[in-house]
Amino acid sequence: MRPSEQVAPLQTLPDEPDTGLLARFALRDEAALATLYDRHSRAAYGVAFYILKDAAQAQDIVHDAFLKVWEKPGLFDPARASFPTFFLTVVRHAAISKLRGGRVHLPLDDAEGLPLPFPDERVSLQAGAEERARAEHIQAALHTLKPVQRETVERAFFRGETREDIAAAMSVPVGTVKSRLKYALDRLRGVLGEEGESL
């Protein structure tokens, strides 16, 4: 769709559900994209930064992941998971791939080769500072866990290891890994408050 043919953005309410915002993507509603970005970018950046320890790479991963969803909103299946869970999984896998030296290719233009509309938050020093603060908050929350719980979470969420792999690496039963993850995630949600709802 050419810019001159794009549908004018609809009014987007701050409390509109994620599924409603995603439905507007088919109309190329940039206001819906901006609202979804504002709602979930900080949590996503915190995850990416924790894995990569590099602000620029973490920002790139988050931006590219939003662009991927903007281009193909059908990738999200609300019957399988909430949008925050789905999106953080996309970001985490992309960051792990980057960390392991793999090529992370996410499309940056539409079917006609036109650049996708997307706000470049990297030009905002305030936004960058807020994102770094978010990442530091996540790291601080992780350090409230016992060492074995923190290692379990890091292996599962930031290294992409399966529960079976974690059990073998830590010499414990798979059931113990499941219990540690459940306890750790419940605690992290409590420490992070609203920011931890997407965990």
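The values are calculated or read from the model by the stated rules, or taken from the named source; none is laboratory data. As the structure is a computational prediction, the values presented were derived from the model and not from experiment. Heads up, the Cβs are rebuilt from the backbone with ideal geometry, glycines too, and the neighbour counts pull from every protein chain shown. Surface accessibility is based on the protein's heavy atoms, side chains included, excluding ligands, DNA and RNA. Shrake-Rupley method; radii C 1.70, N 1.55, O 1.52, S 1.80 Å.
Place the peptides 21-31, 39-49 in order of packing, highest mean first, counting for every residue the other Cβ atoms within 10 Å and averaging per peptide.
39-49, 21-31
For the pair A34 and D15, how long in nm is the line joining their label points, each one 7 Å along Cα→Cβ?
About 2.2 nm, to one decimal.
Given points 7 Å out from each Cα along the Cα-Cβ axis, report the D77 to K178 separation in nanometres with one decimal.
With each label point 7 Å from Cα toward Cβ, the separation is 2.2 nm.
How high is the FRET efficiency from A23 to D186, r the C-beta distance, R0 30 Å, rounded to 0.05?
Computed FRET efficiency for A23 and D186 comes out at 0.40.
Accessible surface of T176 in the full protein assembly, 1.4 angstrom probe, to the nearest 10 Å²?
T176 has an accessible surface of roughly 40 Å² with all protein chains in place.
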